[in-house]
Amino acid sequence: GAAISFVSFPVRPFPFATLAGREVIDAAARADVVVLDSIAACFAAPWLRRLPDGIPVVAMLHQPPGGIDHVGLRRRITARFDMAAYKKVDRLLVASESLKAALESSFKDVIVVPPGRDVAPSGVEGGIDLRASRQLAVLCVGNWLPHKGIIDALKAVARLPEDYITLHLVGDERLDDRYGRKVAARIASSDLRRRVIRHGVVSRADVASLYRSADVFLLPSYAETYGTVLGEALAEGLAVVGYRAGNLPYLASHESEALMAEPGDVAGLALLLRRLAEDEDLRSSLGAAARERAQSFPTWDESATMFFSALRETIAARR
């Protein structure tokens, strides 16, 4: 029941996208409600007052103020402008409980609208042999970005015997050239090149099939505002291995649905993977608990209902 128009800031070196704010805000001024994505908040902050008084603004945050990938001065500047934007909006929607907890000291009306757990329509089959004659097929779904911990995953697998794990990597390999080259070089090393399979970017149906064919899900992220792939993996009944960081502790419990190491503990990750490779009963119990836990996560249809309900309530309150 909604018509959605997307208005974007141009891709320019930071902070020059801000200069397009007048045109962006004027283009958005024809809406009943403006949804400000957290990626654009910094650039929109100086211009939000151009919106007519009758148009409410709802911020949708899937990253903390300052972003996840920025560092140093860029992160501090972005965080300041992000916060300035959020203080001007009518309501904050956030993607996770962990992000809500981080913002509650500054904002009162924070509503969690998490991503859906269902990666693809029912009926997509698994059954692909991903083990390649090894004991365990481990799936890692994440773009090649530093905070995803892809290199840590590779180092952990390299610590295990050759016949233990075949690791499958799914995700965009080109978003960070420098990090991507490091990941590719590590995969090409003699201790890994025969047991890592790169899939790159795949369709929703293909990634669903990979979930349903894998034994374990591995993503040692250092920062994850929600971790949509973590929710998807849990919903598919996969034991999850990762760092006790970001939103993972909000999605799963250690030794119940997931196994967690402290951030940066590659040896700990390797030990957890070894346990799962050697203990089929543990994999089964974690997987069953993961599937049950994920039933408390919304589907995408349920997330959409929460999202549009919040927008309509905001419009009604403003009127």
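The values are calculated or read from the model by the stated rules, or taken from the named source; none is laboratory data. None of these values were measured; they are calculated from a predicted model. In this analysis, Cβ positions are derived from the backbone assuming ideal geometry, glycine residues included, and neighbour counts consider all displayed protein chains. Each accessible area value is taken on the protein alone, full model and side chains, heavy atoms only, with ligands, DNA and RNA left out. Shrake-Rupley method; radii C 1.70, N 1.55, O 1.52, S 1.80 Å.
Data table
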{"read-out": "Condition broken by A270, with the remaining ones in (1) out of contact with any strand residue (DSSP E or B) (no Cβ under 6 Å at 6 or more places or on another chain); (2) under 23 Å from R204 (Cα atoms) satisfied", "value": "(2)"}
{"read-out": "Test: residue in region 174-194 that is in a strand (DSSP E or B) and out of contact with any Pro (no Cβ under 6 Å at 6 or more places or on another chain)", "value": "no"}
{"read-out": "Residues of region 234-260 that turn out to be of a type in the set (D, E) and in contact with a helix residue (DSSP H, G or I) (Cβ under 6 Å, 6 or more places away or on another chain), as a count", "value": "2"}
{"read-out": "Test set (1) charged (D, E, K, R); (2) in contact (Cβ under 8 Å) with a residue 12 or more places away in the chain; (3) over 14 Å from I150 (Cα atoms) - R193 fails condition number", "value": "(2)"}
{"read-out": "Filter result (open to solvent by 70 Å² or more (accessible area, probe 1.4 Å), more than 16 Å from L238 (Cβ to Cβ) and touching a residue at least 40 places away in the same chain (Cβ under 8 Å)) within region 279-311", "value": "W300, D301, E302, M306"}
{"read-out": "Selection count where residues are out of contact with any strand residue (DSSP E or B) (no Cβ under 9 Å at 6 or more places or on another chain), open to solvent by 10 Å² or more (accessible area, probe 1.4 Å) and touching a residue at least 40 places away in the same chain (Cβ under 8 Å), scope region 199-208", "value": "2"}
{"read-out": "Neighbours by Cβ (under 8 Å, 6+ apart or cross-chain): first from region 144-166, within 25 Å of E280 (Cβ to Cβ); second hydrophobic (A, V, I, L, M, F, W, C) and in a loop (DSSP other than H, G, I, E, B)", "value": "A153/L219; L154/L192; V157/L192; A158/L192; T166/L130; T166/A132"}
{"read-out": "Filtered residues of region 10-42 (kept if basic (K, R) and part of a helix (DSSP H, G or I))", "value": "R22"}
{"read-out": "Residue within region 45-62 that is free of Cβ contacts under 8 Å to residues at least 40 places away in the same chain, more than 23 Å from P15 (Cα to Cα) and open to solvent by 50 Å² or more (accessible area, probe 1.4 Å) present", "value": "yes"}
{"read-out": "P52 over 24 Å from A223 (Cβ atoms) and at pLDDT 95 or above", "value": "no"}
{"read-out": "Close pairs (6 angstrom Cβ cut-off, 6 or more residues apart or separate chains): farther than 30 Å from L93 by Cα and modelled with pLDDT under 95 in region 115-143, open to solvent by 40 Å² or more (accessible area, probe 1.4 Å) and part of a loop (DSSP other than H, G, I, E, B) anywhere", "value": "G126/R212"}
{"read-out": "Odd one out for S5, checked against (1) touching a residue at least 60 places away in the same chain (Cβ under 8 Å); (2) farther than 17 Å from A310 by Cα; (3) part of a loop (DSSP other than H, G, I, E, B)", "value": "(1)"}
{"read-out": "Residue match in region 111-126 (condition: buried (at least 21 other Cβ atoms within 10 Å of the Cβ) and more than 23 Å from the chain's Cα centre (by Cα))", "value": "no"}
